[in-house]
1. What is the calculated FRET efficiency for L287 to S127, with r their C-beta to C-beta distance and R₀ = 45 Å, to the nearest 0.05?
2. Treat the count of other C-beta atoms within 10 Å as a stand-in for reagent exposure and order E33, E150, E366 from fewest to most.
3. Just need the Rg to Rh number for region 88-136, please, alpha carbons only, Kirkwood Rh.
4. Treat each spin label as a single point 7 Å out from the Cα along the C-beta direction, and report the R421 to E120 distance in nm.
5. Using only alpha-carbon positions, what ratio does the radius of gyration of the chain give when scaled by 2.2 N^0.38 Å?
6. Please compute the Kirkwood hydrodynamic radius of region 233-385 from all pairs of different C-alpha atoms, in Å with one decimal.
7. Which lysines, on any chain, are close to K121 with Cα under 30 Å apart, when same-chain ones fewer than 8 places away are left out?
8. Mind checking the full-extension length gain between Q15 and R373? Use 0.36 nm per residue of separation minus the Cα-Cα distance, one decimal, nm.
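Any read-out appearing in this document is the output of simple, stated calculations on the displayed coordinates, not a laboratory observation. Quick caveat, the model's predicted, so the values are computed rather than measured. Virtual Cβ from ideal backbone geometry, glycine too; neighbours counted across all protein chains shown.
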Amino acid sequence: MAKRLTTLLWQQLWQALRNSATPVPDVRFNGTERLSSAYPVTELAATSFALAMQAAAALVNNPSRLQVNMRLASRWFQHSFHPINRSAPAQWDAFAGDYATDDGWIRLHTNAPPHRAAMEKVLGIHSDRKELADAVRRWQKTSLEQAVIEAGGCAAEMRSVAAWQQHPQGQSVQREALIAQTLQPEAALPAWRLHVLRPLHNVKILDLTRIIAGPVATRFLAGLGAEVLRLDPPGWQEPALEEEITLGKRCARLDLKSAEGRKLFEQLLGQADIIVHGYRADALPALGYDSESLQKLSPGLIDISLNAWGWTGPWRNRRGFDSLVQMGCGIADTGRQWKLSDAPAPLPVQALDHATGYLMAAAALEGMRLRLRNNTGFTARLSLARTACVLTDHPYPDTVQPDGLGPAGLYDENAATEITRWGIGKRLNPPVWLPGTPLVWSRSASPLGSDTAAWQT
């Protein structure tokens, strides 16, 4: 059953990137262990990784057969980096998590200071989680979700898959493409010399993404030789994620709301080949940088964008994160039933973030392929909520009970030592192997804002 699901998901993802008339490449998926879940999370990890690497193979016409280690792919969906002789940073704010309301469950996302402040504006300031839980219990879930959203925060009530499919936003997302692609007008582009060993050598990528999904995409592209310049606004911090997702990148600060920042951004964009951004649907256009404007500033640009809740429907501009989408679209409720629990049971990893990240990387590589063939720019839009449909459409049968992965020896047997600004650790080996085209990162992880906002080459 697991093998059939792997094949089914691989066909679905490949056809989302190309089309139903394109033959599905033959990929070898190795391994039998699975993450314990009601959904085929390991299968999604392996096939989304495979899609990105197969897109690289297509770009440079590498005919070698791709191999994927499913256990390692699952681990990359957890953590690719393991610190040595020091503790990993806390992943969640003290008040983030699931809470029981008067009529169900809700998840509060408070990792960013503004989002925590919005939650406290609605629920008050509390000394510990128990006090906050008591306050949440006096609310009904839908009313509290709306109140937190209106205050500028992030929350999602737990819905069933059926309820989400009947919800206006759920219905809108179901109609969207998994990877919505558009060719842009032709442009006078210089000839490009491809290297099978480093497909993205000399390719410049502006990374305007945060948290996990977008940074996963640009981390993968950096592993293929791209020069990735990550730009964060002044003051933005991600202490729990820096060492994990800045691998291969240079990280700088830039204020897009200042005249000086906009001027510098446009200079950088004019030399960029790819831009990857994760703003809400109307946020970048509101700053004057809609898709048409980006193409004018950088003809032939490959523009890859991410949204949480989808690009159509009433929630297209709502803030969202992987854990919230899992609550809102029914994944956490299905897990609850699967575990025979009263409380929400999300996926064992933030699979929507990671899978969407590799789909974004695949879209960027497909954009490069089409740009070289047609001298055109390219745009692609993806969302966490649409990726969630891949799982909710293919739950495990009740008879399948994955045991979970054993962690013993993984970082000793399948990892290399990496020295970062924070210290020493072990980075897992890539789970994909394409002879002649390896994933190799030329820079270790680095702190946000540690470099200058300029191209090196």
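1. Result of the calculation: an efficiency of 0.70.
2. Taking fewest neighbouring Cβ atoms as first place, the list is E150, E33, E366.
3. Using only Cα positions, Rg/Rh for region 88-136 is 0.96.
4. Inter-label distance under the simple model: 2.7 nm.
5. Rg over 2.2 N^0.38 Å, computed on Cα atoms: 0.94.
6. 17.5
7. K130, K141, K257
8. My answer for the length gained is 126.9 nm.
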